[in-house]
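For reference, the structure is listed below as structure tokens.
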Amino acid sequence: MAGVTSRRTTVGAAAAALALALAGCGQPGSVAPAPEPAPTPSVAPPILSQTPIPSQTPTPAQTPTPASTPPPTLRPRVDTSAAALLETLAVKGRAPMTGYARERFGPAWLDADRNGCDTRNDVLRRHLSDQVIDPATRGCVVLAGRLVDPYTATTIDFVRGDGFLVDVDHVVAMGNAWATGAARWGVRKRAAFANDPLNLLPVDASANRQKGDGDAATWLPPHRAFRCAYVARQVSVKAKYGLWVTPAERSAMEHVLDACPRRRPVPDSGAPVRVDHDITDPGPPAS
């Protein structure tokens with residue numbers, strides 16, 4: 001009986017549900033309740049990897065880094081001023097003039113460079129303007145010309161044979177050279193010194209004879225504007241030939257160069273003068 005009762009209950013429930021459905025369909029405006037959605041299963045969030053994803057952009061080829069070039073070596077600036085060159089000259093006392101004579105420097109005005117003309121006329125042609133040359137001497141001998149004298153700043157009309165107008169001066173006098181080292185030289189070196197264009201200037205004869213064998217401590221050109229050039233040339237000559245300066249001479253040279261409007265350069269010393277003439281040292285003058 002229990003089984004029959006159960007079956008009856010089930011059939012009744014089904015009939016009741018069908019009746020409700022039919023009743024809903026028969027009433028306009030009524031909506032059957034929507035069935036509840038099935039629950040969405042919980043999904044765990046994805047675990048992000050800590051490893052960075054490599055870029056997909058192609059990497060350009062790496063240009064090799066050139067080896068570093070060392071900076072250029074800077075050469076120290078060399079001071080070529082007369083004042084700097086003066087610092088290199090030895091300072092000693094004046095040697096005695098024993099044995100000195102003009103002839104100890106070889107014959108006067110050799111043709112040292114073998115150009116067919118003596119040194120004196122070479123110097124005159126180099127410095128005089130408006131020259132008149134003796135045609136019989138193949139362009140050598142100066143008969144006349146005009147000199148702007150550096151020692152006095154005067155203009156002199158030179159005429160050959162008038163020895164009271166123009167002298168060719170040894171800027172470092174031969175007597176001064178003798179007392180500051182030349183006494184130890186051989187005659188050929190003394191002759192080279194006496195004929196070196198670096199040491200020769202045509203000048204007013206009177207001023208040159210006032211100078212005599214004086215150094216910078218005892219005589220300077222009356223034309224003050226030329227003193228810087230004059231002392232710079234003396235320094236260059238002494239450096240070229242290895243002559244020394246006396247304490248008083250050096251002091252006088254420093255005083256002149258310090259007063260120059262700019263660092264006075266030394267003149268180009270030029271090539272060494274080669275004297276290959278057959279000359280002999282006459283020895284000390286007879287007493």
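Derivation of every value follows stated rules applied to the coordinates shown; laboratory data play no part. Computed from a predicted model, the values in this text were never measured in an experiment. Cβ atoms come from the backbone with ideal geometry, glycine included; neighbour counts cover every protein chain shown.
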- Message: For Cα pairs less than 8 Å apart in space and 6+ apart in sequence, what is the mean separation divided by the residue count of segment 153-245, i.e. the relative contact order in percent?
- Response: 38
- Task: Take Val275, Val172 and order them by how many other Cβ atoms sit within 10 Å, fewest up front.
- Result: Val275, Val172
- Query: About the Cα centre of segment 157-287, what is the dipole size in debye to 20, counting +1 per Lys and Arg Cβ and -1 per Asp and Glu Cβ, all else neutral?
  - Reply: 460
- Query: Among Met253, Met97, which comes first, second and so on when ranked by fewest other beta-carbon atoms within 10 Å?
  - Reply: Met97, Met253
- Tell me, what is the FRET efficiency for Asp281 and Ala90 to the nearest 0.05, using R0 = 22 angstrom and their Cβ-Cβ distance as r? 0.35
- Inter-part distance where segment 161-178 and segment 205-221 are each reduced to a Cα centre, Å: 9
- Note on the structure: Taking segment 190-287, the equivalent ellipsoid from its C-alpha gyration tensor has semi-axes in Å, biggest first, of 26, 17, 14
- Fewest Cβ neighbours within 10 Å first, please rank Trp178, Trp185 accordingly. Trp185, Trp178
- Task: Be a star and scan segment 101-142 for residues whose amide nitrogen sits under 20 Å from the point 7 Å along the Cα-to-Cβ vector of Thr155.
- Result: 124-133
